[in-house]
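The values are calculated or read from the model by the stated rules, or taken from the named source; none is laboratory data. Since this is a predicted model, take the numbers as computed values, not measurements. Don't worry about glycine lacking a Cβ; one is built from the backbone with ideal geometry, like all the others, and counts go over all protein chains shown. The protein model used for the area step is the full one, side chains on, heavy atoms only, and it has no ligands, DNA or RNA in it. Shrake-Rupley method; radii C 1.70, N 1.55, O 1.52, S 1.80 Å.
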Amino acid sequence: MKAFGKVHKYGDNVDTDVIIPARYLNSADPKELAQHCMEDIDKDFVSNVKEGDIMVAVQNFGCGSSREHAPLSIKASGISCVIASTFARIFYRNAINIGLPILECAEAAENIDGGDEVEVDFDTGVITNKTKSQTYKAQPFPDFMKDIINAGGLLKSLKK
């Protein structure tokens, strides 16, 4: 399982209210949520993101309220993976539950810049910055988490 795409980079403490502003939470439609993903921190995100792109942030990504709308909007926007130094625990769990791959790797989060092209191998945890010819190592997913992500989320994996 691999991902490859252009990086959209953010800093520390990107909270769920920034990922998907509360004013849009009256919808649970992933495509509608995706139209507003990151708009309060990056107005151009929605027009610039392409299917397969990768989001990188630094510390405590997804802090704040425990809404599943946040990882859902990221996934529906086309982002194939989020890399950060650390994630808020509830965001981490919600992301896996909806099938959004996320990896913790401080070195990658610090050294990858917006616009870099990055490849992620989820089986090995290797993150390769193709733009800078640098490689980083994250903890690969255990098999049960790979199964959840490959199925498209926890509920879909349970139905299998």
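Details
- Condition met for residue 66 (among the small types (Gly, Ala, Ser), without any contact (Cβ under 8 Å) to a residue 12 or more places away in the chain and surrounded by fewer than 21 Cβ atoms within 10 Å (Cβ to Cβ)): no
- Matching residues, region 69-92, being without any contact (Cβ under 8 Å) to a residue 60 or more places away in the chain, under 22 Å from residue 135 (Cβ atoms) and either in contact with a Leu (Cβ under 9 Å, 6 or more places away or on another chain) or not aromatic (Phe, Trp, Tyr) (or both): 82, 83, 84, 85, 86
- Search result, residues across region 71-91 that are surrounded by 19 or more Cβ atoms within 10 Å (Cβ to Cβ) and more than 18 Å from residue 7 (Cα to Cα): 72, 88, 91
- Criterion violated by residue 9 - all others in (1) in contact with a Gly (Cβ under 6 Å, 6 or more places away or on another chain); (2) surrounded by 19 or more Cβ atoms within 10 Å (Cβ to Cβ) satisfied: (2)
- Within region 66-90, the residues that satisfy the criterion of being of a type outside the set (Gly, Ala, Ser) and in contact with a strand residue (DSSP E or B) (Cβ under 7 Å, 6 or more places away or on another chain) are 74, 79, 81, 82, 83, 86, 87.
- Enumeration of residues in region 1-52 that are within 23 Å of residue 129 (Cβ to Cβ) and in contact with a Ser or Thr (Cβ under 7 Å, 6 or more places away or on another chain): 3, 5, 49, 52
- Pairs meeting the criteria (first residue in region 131-156 and basic (Lys, Arg), second residue in a helix (DSSP H, G or I) and open to solvent by less than 100 Å² (accessible area, probe 1.4 Å), beta carbons under 8 Å, at least 6 apart or on different chains) are 132/111.
- Residue 77 meets each of the listed conditions (1) out of contact with any Cys (no Cβ under 6 Å at 6 or more places or on another chain); (2) closer than 22 Å to residue 38 by Cα apart from (1).
- Residue selected from region 120-146 under the condition open to solvent by 50 Å² or more (accessible area, probe 1.4 Å) and touching a Phe, Trp or Tyr at 6+ places or on another chain (Cβ under 9 Å), by the criterion modelled with the highest pLDDT: 130
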